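> Provided herewith is a single structure, encoded as structure tokens, for subsequent inquiry.
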Amino acid sequence: MEVISTAIDHLVAGDGPLQDESVRIADGVVAVLLPAMLVGLLAWRQNAVGLIAAAAVVLIWVAANFLAFSSGIAMSAAVPIAAAAVPIVFFGSLQLWSGRRQAQYFAARNELLERFQAPAMQKWLARDPDFLAEPVRQNAAVVFIDLSGFTSLSEQVGPDSTRDLLKEFHALVDREAVACSGMITSFLGDGAMILFGLPRATPDDAARAAECALRLCSSTGRWLASLRLTTPSKLGFKVGAHFGVIVASRLGGGSYHHITATGDTVNVASRLMEVAARHGAELSVSDELLHAAGRDCALFKSGCLAGPEQTPIRGRSGSLTIWLWRSQA
């Protein structure tokens, strides 16, 4: 009754809030500009800044409505709200759909890129994108494996069969490296380099490298024995393992980087494959690695380790104390 009485009083006195043609035109202009400004601000930044700016525009509009009503001008609130609701809901739905599509795209891209980097390294780089931006000098164990006789075999069997053999061999190396928590820094055609000590050095790096070298010898031997080759070429393999100081770093140009290790330790590990082949053994391992791994490592327990003995290393002055591993087969 009080509200109705007040309204009748204003109608009789003629001092009610003004809402003539000009006010309705102003309401129409606001109904067009307000949604456009809100959607524009949300689309402009698409982050917290855009939301804050849109909220500030709404507050300014509310304050302007309040001041107009206090001055006797009745601006409409329902018309601009109704006009803004549809485009804002549509824009929000579009942004939600686009965000989900973008998230699916990046998830698929990330899954693809993860296949080109070791799992442990993926997690480490996600936490520390600047990892190895500067070279790091540390102890690490390095294992090399290489197939012998593969070049002549690939010439005879053709590219398709060569690719199939390499795929099986790489899968074998990857399986054994992951099982021993090693990082494959590169596949070198019919060979591979596995590093133990990244993303950080641990006390059991040498022991895991020794186990990986032994597992590689056993698995590769069984794999080669299972092949049914129709050519006279004979495939073999050799493994070299060493422990010492390496320099871990990122190498590459502006468009591509890869994480690897360099130094005398890497070179010696590679040369130890030649030592193994020269002595008719599957594996040649340095005394440094076995000393770091301890007497309880897998190689000592295998019972097939012979040594120690001194041997020259090609391209290196002096000799190196090495051990040789030959399978009982």
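> When a/c reaches 1.5 or more, the comparison of a/b and b/c decides; with that in mind, is the range 130-325 rounded, prolate or oblate per its Cα gyration tensor?
On the way: a/c = 1.67, a/b = 1.18, b/c = 1.41.
Oblate.
> Same structure again: Less than 15 Å apart at the alpha-carbon level, and either on another chain or at least 8 residues along: which aspartates and glutamates does that give for LYS234?
Partners found: ASP146, GLU155, ASP190, GLU282.
> In whole percent, what relative contact order does the range 130-325 give with Cα contacts below 8 Å and a gap of six or more residues? Provide the component values of the computation, followed by the final result.
Working: 361 pairs, mean separation 50.5, N = 196.
Value for the range 130-325: 26 percent.
> In which sequence would THR162, THR321, THR220 go, from the one with the fewest C-beta neighbours within 10 Å to the one with the most?
Values: THR162 17, THR321 14, THR220 22.
The fewest-first ordering by Cβ neighbours comes to THR321, THR162, THR220.
> So, one more: Starting from 0.36 nm per residue, how many nanometres of slack lie between THR321 and SER22 once their C-alpha separation is accounted for?
The THR321-SER22 span can extend by a further 97.7 nm.
> Under unit Cβ charges (Lys, Arg +1; Asp, Glu -1), what dipole magnitude, rounded to 20 debye, does the range 130-325 have relative to its Cα centre?
For this selection, approximately 200 debye.
> Going Cα to Cα from LYS301, which aspartates and glutamates come in below 13 Å? Please leave out same-chain ones fewer than 8 positions away.
GLU211
> Tell me, in nm to one decimal, what length is gained between ILE8 and THR202 on full extension, where the rule is 0.36 nm per residue of separation less the Cα-Cα distance?
Between ILE8 and THR202, full extension yields 61.0 nm more.
We did not get these values from a lab; they are worked out from the coordinates using the rules stated. Note that this is a predicted model, so its numbers are computed, not measured. Every residue, glycine among them, receives a Cβ derived from its backbone with ideal geometry; neighbour counts consider all protein chains shown.
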